[in-house]
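One structure is given here, and the rest of the page talks about it.
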Amino acid sequence: MTSHDAQAAQAALDDVRRRRGQSRAEYVRYGLSRPYLAATAVLVFAAFASFDLPNPWGGAVLLPSLVLFAGTLAVYLRRASVRMPLTSRQALLAVALGLALAAAIRLLSGAAEAGGVPAPHAVVSAVLCLAGTVVADRWRAVAVARAQDKKAEAGPR
């Protein structure tokens, strides 16, 4: 292999890394866009707020939630500009975050109920969903800005 071949191979590897970074940035930008964050917050809120409703209505709220989930998932998959396979690390992180959110809502709603809040699950889930949406939106903005900075460092090709 000549030095010219090595330079060409290195340039090709750099281009692959740059394209992978662009794909990840687009994946994060699209997946954490405001409409999807809002839909997810509504889903989580409806699921946990239903605990405060009387017995037949608590389960009835979950049906529209499932319809919203199916619609959001269908639109997400249809319009995604970048499709990346779900890795086992991402799946474990999602499960861990979901379990942590459920535990936090249950723990805080128990404390709110002991404090005399009228609808503790609804109040706590609304506050946590709003906070989670704001944090995820900020995180998305930072992640996309980082990807654009890396793109600017790489320069035009």
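The values are calculated or read from the model by the stated rules, or taken from the named source; none is laboratory data. All figures in this text were calculated on a predicted structure; none of them were measured in a lab. When we count neighbours, we look across all protein chains shown, and the Cβ atoms used for this are built from the backbone with ideal geometry, even at glycine. The protein model used for the area step is the full one, side chains on, heavy atoms only, and it has no ligands, DNA or RNA in it. Shrake-Rupley method; radii C 1.70, N 1.55, O 1.52, S 1.80 Å.
With a 1.4 Å probe rolled over the protein heavy atoms of all chains, the accessible area of Leu63, Leu43, Leu101 falls in the order Leu63, Leu101, Leu43, largest first. On a 0 to 90 degree scale, rounded to 10, what angle separates helix 88-114 from the longest Cα axis of the chain? Value to nearest ten degrees: 30. From the residues Pro56, Leu73, Ala41, which one has its Cα farthest along the dipole of the stretch 21-157 in the positive direction, the dipole being from +1 and -1 charges on Cβ of Lys/Arg and Asp/Glu about the Cα centre? Of the listed residues, the answer is Leu73.
In a simple Cβ point-charge model (Lys, Arg +1; Asp, Glu -1; nothing else charged), the stretch 1-104 has a dipole of about 240 debye relative to its Cα centre. Once percent of Cα pairs over 25 Å apart is calculated for the structure shown, the corresponding label among (i) 43; (ii) 52; (iii) 47 turns out to be (iii). Full extension of the segment from Arg138 to Ala6, taken as 0.36 nm per residue of separation minus the current Cα-Cα distance, would add 43.4 nm.
Note that the stretch 64-76 has calculated 3J(HN,Hα) couplings of x, 5, 5, 5, 4, 4, 5, x, 5, 5, 5, 5, 4 Hz, one per residue in order, obtained from phi through the Karplus relation 6.51 cos²θ - 1.76 cosθ + 1.60 (θ = phi - 60°); glycine and proline are x.
Taking the longest Cα principal axis of the chain as reference, the axis of helix 3-31 is set at about 20 degrees.
Nearest 10 degrees, 0 to 90: what angle lies between the long axis of helix 120-154 and the longest principal axis of the chain (Cα atoms)? Helix 120-154 sits roughly 10 degrees off the main axis of the chain. Taking trypsin sites (Lys or Arg not before Pro) across the stretch 1-92, the ones in a DSSP loop with at most 12 further Cβ atoms lying within 10 angstrom of their Cβ are Arg83. Under 5 Å from the amide H of Met84 lies no amide H of any residue 5 or more positions distant or on a separate chain, with H modelled from the backbone and absent for Pro and chain starts. In the stretch 90-137, the convex hull through the Cα atoms has an average projected area of 3.4 nm², a quarter of its surface area.
The relative contact order of the chain comes to 39 percent, based on Cα pairs under 8 Å that sit 6 or more residues apart. Based on DSSP H segments of at least four residues, each scored -39500 (n - 2.57), the chain has a per-residue ellipticity at 222 nm of -30000 deg cm²/dmol.
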